[in-house]
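Have a look at the structure below, then the notes.
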Amino acid sequence: MDLTSSLLGIIPAAGSGVRARPYSYEVHKGLFAIDGQSNIERNICIMRDEYDIKEIVIVVGYMADAVQETFGDGSDLGVKLTYIENHHLDKGWAWSILLAKPYLAGRYACVMLSDEFYLGCNHAEFYKSPYKDSAVTIAYKREENPALSKRTFPSSATEPVLSVWWRTRQR
């Protein structure tokens, strides 16, 4: 496998799931089952099947052991999983992404948060886009009702980010 030309998957999963309480006291929010499959597993499968990603970094923190015990090395899902511990949860998910930088090695990355749920998305179409022509490519869903977006993004954002691709070095 030529890792220099392959995509790296990054799943920030360190947060404590404050907005999902009281449920997240017992179960990591990314391990909530939706139609019989945890959200992290669903995102791993999307990365594997829609983006041909074979190596995924999961950044853990809160309930790290539960995530690691659930997915192990990823071989059961046909991918290689690496875990990084985020000891600074107060810095947010962007910090978790930065912690994966040593694994990028000049590659592009696809980031999916552990609690993002995709239903009927066009991932294969997005993967075929010319993302390598840009430093960052963002996929988003336009929401007609801005109040729905503000529940997730408390700022003035009205179009939630679904996935982000970026490269660590300019060409």
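The values are calculated or read from the model by the stated rules, or taken from the named source; none is laboratory data. Since this is a predicted model, take the numbers as computed values, not measurements. Counting neighbours? That spans all protein chains shown, and the Cβs are built from the backbone with ideal geometry, glycine included.
Mind listing just one residue for me: the one in the range 20-40 that is within 18 Å of the chain's Cα centre (by Cα) and either over 16 Å from T70 (Cβ atoms) or of a type in the set (D, E, K, R) (or both) and, of those, surrounded by the fewest Cβ atoms within 10 Å (Cβ to Cβ)?
Among those residues, the one meeting the criterion is A20.
Restricting attention to strands (runs of 3 or more DSSP E) lying wholly within the range 67-171, give those where 2 or more residues are surrounded by 11 or more Cβ atoms within 10 Å (Cβ to Cβ) and modelled with pLDDT under 75.
Ranges flagged: 136-140, 161-167.
Let's see how each residue does on (1) farther than 17 Å from T82 by Cα; (2) polar (S, T, N, Q):
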position	(1), (2)
L7	no, no
A14	no, no
G17	yes, no
S24	yes, yes
G36	yes, no
I40	no, no
I44	no, no
I53	no, no
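Go through the residues of the range 67-83 one by one and say whether even a single one is among the acidic types (D, E), out of contact with any Leu (no Cβ under 7 Å at 6 or more places or on another chain) and in contact (Cβ under 8 Å) with a residue 24 or more places away in the chain.
no
Of all residues being farther than 14 Å from I58 by Cβ and charged (D, E, K, R) in the range 92-140, which is farthest from the chain's Cα centre (by Cα)? Just the residue, please.
D133
D49 passes all but one of (1) surrounded by fewer than 18 Cβ atoms within 10 Å (Cβ to Cβ); (2) at pLDDT below 95; (3) within 15 Å of A13 (Cβ to Cβ); which number fails?
If we test D49 against (1) surrounded by fewer than 18 Cβ atoms within 10 Å (Cβ to Cβ); (2) at pLDDT below 95; (3) within 15 Å of A13 (Cβ to Cβ), just (3) comes out false.
If I filter the range 3-16 for residues that are more than 13 Å from the chain's Cα centre (by Cα) and assigned to a helix (DSSP H, G or I), do I get at least one hit?
So far as the range 3-16 goes, no, none of its residues is more than 13 Å from the chain's Cα centre (by Cα) and assigned to a helix (DSSP H, G or I).
Search the range 94-116 for residues that are among the acidic types (D, E) and pair each with any residue that is in a helix (DSSP H, G or I) and surrounded by fewer than 17 Cβ atoms within 10 Å (Cβ to Cβ) when their beta-carbon atoms are under 9 Å apart and the residues are at least 6 apart or on different chains.
Hits for this filter: D115/R19; D115/A20.
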